[in-house]
Amino acid sequence: MSISDLNQRFAISGHVTFKEGPGGLTVAEVANGLAASTIALQGAHIMTFTPRGQEPVVWLSKFAKFAPGKSIRGGVPICWPWFGPHATDASLPGHGFARTVMWDVLETRAMADGATFLRFGLVETDATRAQWPHASTVQLEVSVGSALRVELVTRNTGKESFVLGEALHTYFHISDVAKMKISGLEGCDYLDKVGGTARKTQEGAIVIESEVDRVYLNTSADYLIEDSGFKRRIRVAGQNARSAVVWNPWVEKADKMGDFGPEGHRGMVCVETANAVENVVTVKPGEEHRLVATYSAETMA
Ligand code: BG6
């Protein structure tokens with residue numbers, strides 16, 4: 001659909017318009033009385049989220065590359081229908097294909113509380129069917145208000161069950177990684193992916209002083225990103241999510257990736273709401289599975 005068709009069907013004054021964004025990607029530009037957000041139709045990728053009068057909550061690399069078919073460094077990439085490397089075929093893209101293919105806009109709505117609601121649906125093609133030969137649909141529902149609420153909805157429309165891995169791979173904007181800690185995962189087992197894959201147990205809050213790449217398993221609580229630099233706490237509240245991934249590439253890995261920029265890793269942390277590794281989900285015929293995350297920022301005394 002062209003940008004003018006999108007605007008004709010889905011623009012709402014005081015809430016959302018569609019335009020050409022960086023790299024020629026079509027974006028939904030949301031601006032209401034509560035917050036602003038930019039969402040690329042490629043990947044249904046939330047690139048920014050900034051509540052009114054606050055620092056951005058979501059981090060987007062200043063060196064992000066925007067191009068058709070390439071994942072954007074920052075925002076909320078959607079990992080679907082698998083997380084990390086594919087279980088049996090190493091030639092398939094890491095974290096699945098949802099983040100790099102086109103999604104349609106299905107609905108936009110102004111909410112009674114002043115938030116803006118948008119619903120996107122992944123566009124199936126021969127290429128997606130070749131990588132995921134299961135009868136299914138996947139939609140992303142986004143509410144942009146004083147909090148950002150994201151719901152990834154997978155439906156099994158076929159006659160066989162399938163096994164799904166997924167993550168809302170959110171990059172958070174923080175003042176400095178040295179001034180940040182994450183609580184809510186104390187006592188959880190995790191797979192430490194740095195230098196092998198060892199199973200460990202989290203003791204105390206998470207402090208990041210070197211590369212961190214961990215999949216926490218069988219989780220349930222809210223996670224709090226406490227940022228003493230910005231004097232704020234970002235709450236990550238998940239539903240139907242049994243894993244959490246915490247990632248910061250640190251200096252060497254970030255340099256190799258080429259889209260973080262110098263010291264880029266200092267201003268971000270990924271805390272991902274996920275179902276991964278032993279927490280993958282079986283979706284039965286006719287069933288719907290809904291992965292939900294709500295991100296809100298609170299001032300710290
Ligand atoms: C994290 C993984 O979820 O994503 C890391 O645990 C990975 O291992 C990171 O490096 C970034 O992945 P990508 O594919 O976006 O560079």
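The values are calculated or read from the model by the stated rules, or taken from the named source; none is laboratory data. For clarity, every value in this text was computed on a predicted model and none was experimentally measured. For neighbour counting, all protein chains shown are included, and Cβ atoms are generated from backbone atoms with ideal geometry for every residue, glycine included. We work out accessible area using only protein heavy atoms, side chains counted, and drop any ligands, DNA or RNA first. Shrake-Rupley method; radii C 1.70, N 1.55, O 1.52, S 1.80 Å.
For residue 70, a cut-off of 19 angstrom between C-alpha atoms picks up these aspartates and glutamates, skipping any fewer than 8 places away in its own chain: 20, 104, 124, 126, 166, 255, 259.
Sorting 255-261, 117-123 by average packing, meaning the other beta carbons within 10 Å per residue, from highest down gives 117-123, 255-261. Other residues lying with their Cβ under 14 Å from the Cβ of residue 132 contribute a combined charge of -2, Lys and Arg counting +1, Asp and Glu -1. For the range 3-299, the residue among 281, 75, 14 whose Cα projects farthest onto the positive side of the dipole built from Cβ charges is 14.
The label point for residue 124 and the one for residue 104, both projected 7 Å from the Cα toward the Cβ, are 1.2 nm apart. On full extension, the segment bounded by residue 199 and residue 282 gains 27.5 nm, given 0.36 nm per residue less the C-alpha separation. Applied to the range 271-288, the Karplus parametrisation 6.51 cos²θ - 1.76 cosθ + 1.60 on θ = phi - 60° returns per-residue 3J(HN,Hα) values of 10, 9, 8, 8, 10, 9, 6, 6, 9, 4, 10, 8, 9, 7, x, x, 8, 10 Hz, with x for Gly and Pro. Here is how the number arises for the chain: DSSP H runs of 4 or more residues each give -39500 (n - 2.57), the sum is divided by the residue count, and the result at 222 nm is -2000 deg cm²/dmol. In a DSSP loop and with at most 10 other Cβ atoms within 10 Å, the trypsin sites (Lys or Arg not before Pro) in the range 141-235 are 159.
With K and R counted +1 and D and E -1, the other residues having a Cβ less than 10 Å from that of residue 142 yield a net charge of 0. Rolling a 1.4 angstrom probe over the protein heavy atoms with all chains in place gives the chain an accessible area of 43 Å² per residue. In a solvent-free Debye calculation with one equal scatterer on each Cα, what is log10 I(q)/I(0) for the chain at q = 0.09, 0.14 Å⁻¹, listed in the order of the q values? For the requested q values the scattering log ratios are -0.41, -1.07. Based on alpha-carbon atoms, the Kirkwood radius and the radius of gyration of the range 20-72 give Rg/Rh equal to 0.98. The base-10 log of I(q)/I(0) for the range 204-301, evaluated at q = 0.12, 0.16, 0.19 Å⁻¹, reads -0.49, -0.81, -1.03 [Debye formula, identical scatterers on Cα atoms, solvent excluded]. I'd like the distance separating the alpha-carbon centroids of the range 247-293 and the range 95-146, in whole Å. Distance between centres, Cα-based: 18 Å. Dipole magnitude for the chain: about 280 debye, using +1 per Lys or Arg Cβ and -1 per Asp or Glu Cβ, origin at the Cα centre. Seen from residue 27, the other residues with C-beta closer than 10 Å to its C-beta sum to a net charge of -1, counting Lys and Arg as +1 and Asp and Glu as -1. Remark on residue 36: its backbone amide H falls under 5 Å from those of 50, 52, a criterion applied only to residues 5 or more positions apart or on other chains, H modelled at 1.01 Å from N.
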